[in-house]
Amino acid sequence: MAPVQEGDVAADLRDAIRSLTRRPGFTVVALLSLAIGIGANTAIFSLVNAIVLRPTPILHPEQVVNVYLHQAAFAYSTLSYPELRDLRDGAGDAFAEIGSSQIVPAQVDGEGGIGTLLAEVVTGNYFQMLGVNAAVGRTLRPEDDVDRGGHPVVMLGFGYWQSAFGGRGDAVGRQMRIGGRAYTVVGVAPATFPGTTTGLAPAFYAPAAMVEELIGSPMLDVRGDHSLFVKARLRDRVPLAQADAAVGRVAASLTRDAIPGWDPAGRFTLVPTTDVLLYPPLDSYVRGSAWLLTVVVGLVLLLACTNLASFLLARALDRHRDVAVRLALGASRGVLMRALLVETTLLSLIAGGLGFALSIWLLRVLLRADLPLPIPIALDLRPNWSVLAFTLLVSGLAGALLGLVPAWQSTRPDLLAALKSDTPGGGQRGHLRWRNALVIAQVTVSLVLLVGAGLFLRSFQRVLAVDPGFGREPAALLSFIVPSTRFSSDDAQTYTRRLLDRFRQIPGISRLGLTSNVPLNTLSTQTISFNVDGHSPPKELRAFNADRADVDPGLFEAIGIRLLRGRNFTDADRDDTESVVIISNAMARRYWPDGDALGRMIRAADPDDHDMVVVGVAADAKIRSIGESPRDMIYRPLAQHHQVRGYTVVATTAVNPEQTALALMAAGRSIDPDFWVWEMKTMERHLGVVRLPAQLSAFILTAFAALALLLASIGLYGIVSYAVAQRSREMGIRLALGADPGKVVRLLAYDGLRLVAIGSVIGMVAALALMRLLSSLMFGGQAFDLSALVVVLVVLGASASLAAYLPARRARRIDPILALRAQ
């Protein structure tokens, strides 16, 4: 045999191809294992890249800040249009531009009929402030945002331009019918600008002067309507501290002048735009979840690599004599190691290509999944150069990790022993030490992942166990808008009553109600300020604050919120009668702990409102989040507060809720062809929105933990199988001397289970540390869960015992005579 030539990489590559094709079984298993690990890593990286690592489309983003309203109840509230004007008037010395954006639903007439699309309403200077130019035509300009309702123009989002207009340049100048009015297309946003909110790709952008036309409701002068995401660009050489002082002076002047609707304890908060991912209250959770998934899939790939490295070590034992001969003939260790690394790198690169294709398929499945999301999410998950570079990097690292230890061990044989020996296993002790270490590492990692999965499953169980206080029966929900551009206040009441009368005629509906604010509505909140006799608000506040909903009398039965005391609303509760309310039980206990709340007065903090008398107490329900403590909640009769323009119908039904939701929409369209539907869904889907994060976390972690357990079991199976093959002569002697076959099996299985025990101890220590790290991601902040640990240990022990027993029991069938002759 000729010595291997130095630097002949092409020959190494040809040898690697021949080696892989000679062992198709091993090659297929290796490719599949690595492809799954690399594909999962690439898919998760694509998500992280689209959400966390996405470059901002803003010019010089380091000069731009996000502006929020800090209140006692919430630190990062969005702003209202009056507050935006206050900042422009009072902080212009610190900012070159101040602008806002707002996501709204818009009703668009199309060839297929009327549909609802996401639109982004922006101030006229918004694109100029961000440094964004149009791909076709022009952007919206300050002159488009002057006269209220007087500038019906839009700029199309790039994706909507492609899908609705075929990407044609003549789209500019054409008209769209939005909310019953014609709007002229003036331009198209560039492909690099999918909007400033990750995951939301507006169909079009409209000037803020048209917002009331678009949503059919007053907003430009309503200080309490906080729905604007405000950004501001700092003037040159103006530090953040100076800008913060400027907005502080604006807040102080609003408090000093006692501006109606302004929270006297409120202040403006500036956050650099580069520090904001989605929304400050959510960013830490999103980042934590993203990096947790990245670590999990990285561990799964590590398991796949260590598994295959273990098998490669076994192959190295069989090739020790060949390696010894090559070394004796003058081949250097570096050349031999290079040859082995070329083989594993080739294997991992092929697996990387398969994994890249697998990641594309996984992401398509994700995009097509029918997830209960409150609004459609648009993420650009198409493969790009950064994703491809990541796949190549991971594949290269996997190849190095796979081949390094086997290559190192294979090229360090005892030459004299290896050349003299005709039996496999030269240098066996060192090889087995490495294989044992790899199995221990696999068990440790799989136990950590199993514990993580167990914690998230238990967290999801706790979420499911929470009674939201409503929605126990199948129901359909239909959200619609009664635009003020079409209806006066009296006409809106008549129109709404006609709709409800028509809805009640739908077969299968047993109870039906209407509300302005359905519980656990993740898109918006409605609040009310008030005072109570005998109670003083905190010194920095002028009034107490509670969530509110304006409802009709049928709402409580339809949604399943029980009235504990007092009465329901009736048709007698009208504009010209005493203002009445129903409050939550938590609010009743808070303000009247020693007596009944019925008949007590709630004083209006707004001078335009009336004082209200409590006529009923309702059971507590989850209002903003599934994990919240009982909140103060005030229900008002719609007949006394009919300025609301957005409603949700709740219809309890004895038939399929999805069919009922469709029937509600059809019934509304039968009365009004322009019936403006924002959303229709089932109660189960509505509750699924708040449960989705816990459900997805539990599902993904469990899937990866199961894969990790499978890989660790395969690794343990392999090492015990190899031990049986290597110790066949020893086992044959034991059996020939009368050893009990059962004891022989237990002896072999014990060696494997000993590795499992060591890995479990290390894994338990790591798992306990993991519990503390994951506490912020667990529902209720509860991370330590003894039952989850016990279940994980039982599952791991049972799987490991089976993986060790199955190959060990083959020792029963060893023929002592044949085993002795084979040596």
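The values are calculated or read from the model by the stated rules, or taken from the named source; none is laboratory data. All values derive from a computational prediction rather than experimental measurement. Here Cβ is always computed from backbone atoms with ideal geometry, including for glycine, and neighbour counts include all displayed protein chains. Heads up: the accessible areas ignore ligands, DNA and RNA and are worked out on the full protein's heavy atoms, side chains in. Shrake-Rupley method; radii C 1.70, N 1.55, O 1.52, S 1.80 Å.
Would you mind checking the tilt of helix 657-671 against the longest principal axis of the Cα atoms of the chain, expressed as 0 to 90 degrees and rounded to 10?
Around 30 degrees separate the two axes.
How large is the accessible surface of residue 714 in square angstrom, using a 1.4 angstrom probe and rounding to the nearest 10?
Rounded to the nearest 10, that gives 70 Å².
For the modelled label position 7 Å from the Cα of residue 278 along Cα-to-Cβ, which residues of the range 74-110 have backbone nitrogen atoms closer than 17 Å?
76-78, 103
Charges on Cβ only, +1 for Lys and Arg, -1 for Asp and Glu, centred on the Cα centroid of the range 184-261; of 240, 214, 201, which one is farthest towards the dipole's positive end?
Value computed over the given set: 240.
Are there any GluC sites (Glu not before Pro) in the range 554-650 that are in a DSSP loop and have at most 14 other Cβ atoms within 10 Å? List them by number. Write down the numbers at each step before the final one.
Numbers: sites: 557, 578, 628; in loops: 578, 628.
Sparse-neighbourhood loop GluC sites (Glu not before Pro): 578, 628.
Tell me, what is the percent relative contact order of the chain, built from C-alpha pairs under 8 Å that lie six or more residues apart?
Numbers: 1444 pairs, mean separation 126.7, N = 823.
Relative contact order here is 15 percent.
Straight-line reach from residue 539: which aspartates and glutamates have Cα under 13 Å away, leaving out those fewer than 8 places along the same chain?
263
Starting from the Cα of residue 622, draw a straight line to each of the aspartates and glutamates and keep only those under 13 Å, dropping any in the same chain fewer than 8 residues away.
Within the straight-line limit of under 13 Å, residue 622 reaches these aspartates and glutamates: 467, 547, 632.
Enumerate the amide H contacts of residue 526 below 5 Å, restricted to partners 5 or more residues apart or on another chain; note that Pro and chain-start residues carry no placed amide H.
548
Taking the highest mean first, how do the peptides 752-765, 379-392 order by number of other beta carbon atoms within 10 angstrom per residue? Present the calculation step by step, with values, prior to reporting the outcome.
Details: 752-765: 19.4, 379-392: 15.2.
Output ranking for 752-765, 379-392: 752-765, 379-392.
Return the percentage of antiparallel bridges among DSSP beta bridges fully within the chain, rounded to the nearest 5 %. Please list the in-between numbers first.
Working: 71 of 89 bridges.
For the chain, the DSSP antiparallel bridge percentage is about 80.
Which of 32, 180, 379 sits closest to the plus end of the dipole of the chain, meaning its Cα is farthest towards the positive end, when Lys and Arg get +1 and Asp and Glu get -1 on the C-beta?
32
Rounded to the nearest 20 debye, what is the charge dipole size of the chain about its Cα centre when +1 sits on each Lys and Arg Cβ and -1 on each Asp and Glu Cβ? Mind showing how you got there, number by number?
Details: 78 positive and 70 negative charges, 968 e Å.
Computed about the Cα centre, the dipole is about 4640 debye.
Measure nothing fancy, just the Cα-based angle from helix 683-726's long axis to the longest principal axis of the chain, in degrees from 0 to 90, nearest 10.
For 683-726 against the chain, the angle is about 0 degrees.
Considering the options 705, 757, 250, tell which one lies farthest towards the positive end of the dipole of the chain, charges being +1 on Lys and Arg and -1 on Asp and Glu at the Cβ, about the Cα centre.
Toward the positive end, the furthest listed residue is 757.
What value, in deg cm²/dmol to 500, does the helix sum -39500 (n - 2.57) over DSSP H runs of n ≥ 4 give at 222 nm once divided by the residues of the chain? If you can, show how the numbers build up before the last one.
Details: 22 runs with 400 residues, N = 823.
Mean residue ellipticity, 222 nm, calculated: -16500 deg cm²/dmol.
Can you order the peptides 636-642, 465-471 by their average number of other Cβ atoms within 10 Å per residue, highest first?
Details: 636-642: 20.4, 465-471: 18.0.
By packing density, highest mean first, the sequence is 636-642, 465-471.
Round to a whole angstrom and tell me the spacing of the C-alpha centers of the range 31-70 and the range 221-299.
After rounding, the separation between the Cα centres reads 21 Å.
Rounded to the nearest percent, how much of the accessible area of the chain (1.4 Å probe, protein heavy atoms only) is carbon and sulfur?
Values: 21510 of 36910 Å².
Reported share for carbon and sulfur atoms: 58 percent.
Cβ neighbours within 10 Å, averaged per peptide: list 257-267, 694-704 in order, most packed at the top.
Values: 257-267: 15.8, 694-704: 19.1.
Result, highest mean Cβ count within 10 Å first: 694-704, 257-267.
In the range 94-174, which GluC sites (Glu not before Pro) are in a loop and have at most 11 other Cβ atoms within 10 Å, using DSSP for the loop call?
Sparse-neighbourhood loop GluC sites (Glu not before Pro): 111.
How much area per residue is accessible in the chain when the probe is 1.4 Å and only protein heavy atoms are counted (Å²)?
On the way: 36910 Å² over 823 residues.
Roughly 45 Å² per residue, with all protein chains present.
Could you state the angle between the C-alpha long axis of helix 280-318 and the longest principal axis of the C-alpha atoms of the chain, as a value from 0 to 90 degrees rounded to the nearest 10?
Value to nearest ten degrees: 10.
Please report the spacing between the Cα centers of the range 120-140 and the range 543-612 in Å, no decimals.
Taking the Cα centre of the range 543-612 as reference, the centre of the range 120-140 is 45 Å away.
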